[in-house]
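One structure is given here, and the rest of the page talks about it.
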There are 2 protein chains.
Amino acid sequence: MTQETIKVLVVEDHHVVRQGLVALLNVADGIEVVGEAADGVEAIAQFRKHQPNITLTDLRLPRLSGVEVIQRIRMETPQARFIVLTTYDGDEDIYRALQAGARAYLLKGMTSEELIATIRAVHAGKSHIPPAIAQKLAERMGAEELTPREFDVLEQIVRGKSNKEIATELDISEATVKTHINSLLGKLGVTDRTQAATAAIQRGIVPLESLRKPGP
Amino acid sequence: MTQETIKVLVVEDHHVVRQGLVALLNVADGIEVVGEAADGVEAIAQFRKHQPNITLTDLRLPRLSGVEVIQRIRMETPQARFIVLTTYDGDEDIYRALQAGARAYLLKGMTSEELIATIRAVHAGKSHIPPAIAQKLAERMGAEELTPREFDVLEQIVRGKSNKEIATELDISEATVKTHINSLLGKLGVTDRTQAATAAIQRGIVPLESLRKPGP
DNA sequence: GAGGCCGTCCATCGATGGTTGGAGGTTTGG
DNA sequence: CCAAACCTCCAACCATCGATGGACGGCCTC
């Protein structure tokens, strides 16, 4: 069965979690951790260096997000295989990760047996999406895509800006802001800006970290 | 130095993270993991059974939150010592954990050396709060406490309810709702309900998980 | 080139939200 | 017992928001 060992790259920014994962995987039969990375840039460097069979990665990473890591690596190595392992389960994250080419999406709550089984399965060419995740994905699929402009407006709403402020910020009229809001409310399936803000956060459309300060 | 081994209870709901922590701690000198728990109720049972010197716990747990676990255990065993280890850094969480009697608050990003050093320090009777956390705590200290009623209203705001709906829900007049909102806006240092909602989520005043559905 | 989608703009209107400045009742703690 | 903090309610005002129904040019695709 396990005639060849599976080379795994572990990408995770929390030290203790990463060390734990490495420890877990290294005792597993036929799996060898060939590299570790604590952020997106490092992840790409480590990938180039070790050419792992499987890259196990978190989504929220410093410097480059997990999705970006997947996209960039697949540009140079399309056959690379990815498993996303994260705490978050916002629809948008799942969608984007799978869209980018991840073969599996696991939540950190799963057991190490499941993790190892998934690594073997993905290495064997299969995909694996747990039912709970598939469910969310299905919901997300039915939803309409926000246009770039609507996204800009939504972001400002989450930052607590008024229509007038958004108009100034994006250099458009307040009427236009209202138009965008109106259509994004519909797409998100909500009825006012406050609901839009919480929905955006919950679904991971606007990452909570981006709220701290950074202006455009 | 380490004449006696420190007995540690690890409370963490994510399997892989917990296994990782246990693996890390067990190789450390003078530290022994005497029990593990995946939720709050189990944590209390394990504590009673093993009487650990240190309880290392996450805050977000199924069934009983980390804060509740700390409070309940300290009722029967006031000298119990707690280290909170979490991914989240909302001001409110930090405040409540420390308030409940935690001796240290660490983010999962820290190295295993730091973790082990902190366990030793806390066991030796010291407290340890990293500077970044102390900073947040200081901010939170300057803020006024929300009254229970204001909290109720805030929760409804986060759920996207209108003033009228909140009035019905809490069985008070819309005027009263407005009064509460007015005063909570002031306390949170924001100017409208949308900002109040995002601030509440960011600071951990209203947990994001509570948004899924559960009515009163 | 016709139909779509997008982004921009507009006006109007009713609904909702936030401000101000009261006022009365309760509970709690010194 | 009194003060302080809380909860409740009110009215009336203005600002903001969201809904509606257009309108126009640009761009892409078929």
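If you filter the range A:20-40 down to residues that are of a type in the set (Gly, Ala, Ser) and within 10 Å of chain B (Cβ to nearest Cβ), you find that the one that is surrounded by the fewest Cβ atoms within 10 Å (Cβ to Cβ) is A:23. If you check residue B:57 against the conditions, is it buried (at least 17 other Cβ atoms within 10 Å of the Cβ), in contact (Cβ under 8 Å) with a residue 40 or more places away in the chain and among the hydroxyl-bearing types (Ser, Thr, Tyr)? Yes.
Taking the range A:93-135 as the range and being under 17 Å from residue A:58 (Cβ atoms), within 13 Å of chain B (Cβ to nearest Cβ) and of a type in the set (A, V, I, L, M) as the test, the residues that pass are A:106, A:107, A:110, A:115, A:119. Is one or more of the residues making up the range A:137-149 closer than 28 Å to residue A:24 by Cα, without any contact (Cβ under 8 Å) to a residue 60 or more places away in the chain and out of contact with any Pro (no Cβ under 8 Å at 6 or more places or on another chain)? No - not one qualifying residue is present in the range A:137-149. Just one residue in the set A:16, A:8 is hydrophobic (A, V, I, L, M, F, W, C), assigned to a strand (DSSP E or B) and within 14 Å of chain B (Cβ to nearest Cβ); that residue is A:8. Residue-level check: of (1) more than 26 Å from residue B:163 (Cα to Cα); (2) of a type outside the set (A, V, I, L, M, F, W, C); (3) within 11 Å of DNA strand D (Cβ to nearest atom), residue A:120 misses just (3). For the range B:49-61, check the following and say yes or no: at least one residue is under 18 Å from the mean Cα position of the chain (by Cα), facing chain A (nearest Cβ under 10 Å) and among the charged types (D, E, K, R). Yes - at least one qualifying residue is present in the range B:49-61. Checking the stated criteria, residue A:64 turns out not to satisfy the condition of being in contact with an Asp or Glu (Cβ under 8 Å, 6 or more places away or on another chain), aliphatic (A, V, I, L, M) and either surrounded by 22 or more Cβ atoms within 10 Å (Cβ to Cβ) or not in a loop (DSSP other than H, G, I, E, B) (or both). Here the condition is being under 20 Å from the mean Cα position of the chain (by Cα), within 13 Å of DNA strand D (Cβ to nearest atom) and closer than 18 Å to residue B:160 by Cβ; of A:188, A:184, A:208, it holds for A:188 alone. Just one of the numbered conditions (1) within 11 Å of another protein chain (Cβ to nearest Cβ); (2) more than 9 Å from DNA strand C (Cβ to nearest atom) is not true of residue B:193: (2). Quick one: in the range B:67-88, of everything that is touching a Leu at 6+ places or on another chain (Cβ under 9 Å) and part of a strand (DSSP E or B), which residue is farthest from residue B:126 (Cα to Cα)? Checking each candidate, the answer is B:86. Restricting the range A:136-155 to residues that are within 14 Å of chain B (Cβ to nearest Cβ) and within 19 Å of residue A:191 (Cα to Cα), the residue that is nearest to DNA strand C (Cβ to nearest atom) is A:153. If we keep just the residues of the range A:161-178 that are free of Cβ contacts under 8 Å to residues at least 12 places away in the same chain and of a type in the set (Val, Ile, Thr), which is nearest to residue B:198 (Cα to Cα)? Going through the qualifying residues, I end up with A:168. Every test in (1) under 22 Å from residue A:97 (Cβ atoms); (2) buried (at least 23 other Cβ atoms within 10 Å of the Cβ) is passed by residue A:16 save one, and that test is (1).
Just so you know, all these numbers are worked out from the coordinates, no wet-lab data involved. In this text, all values refer to a predicted model and were calculated from it rather than measured experimentally. Ideal geometry is used to build each Cβ from the backbone, glycine not excepted, and the neighbour counts take in all protein chains shown.
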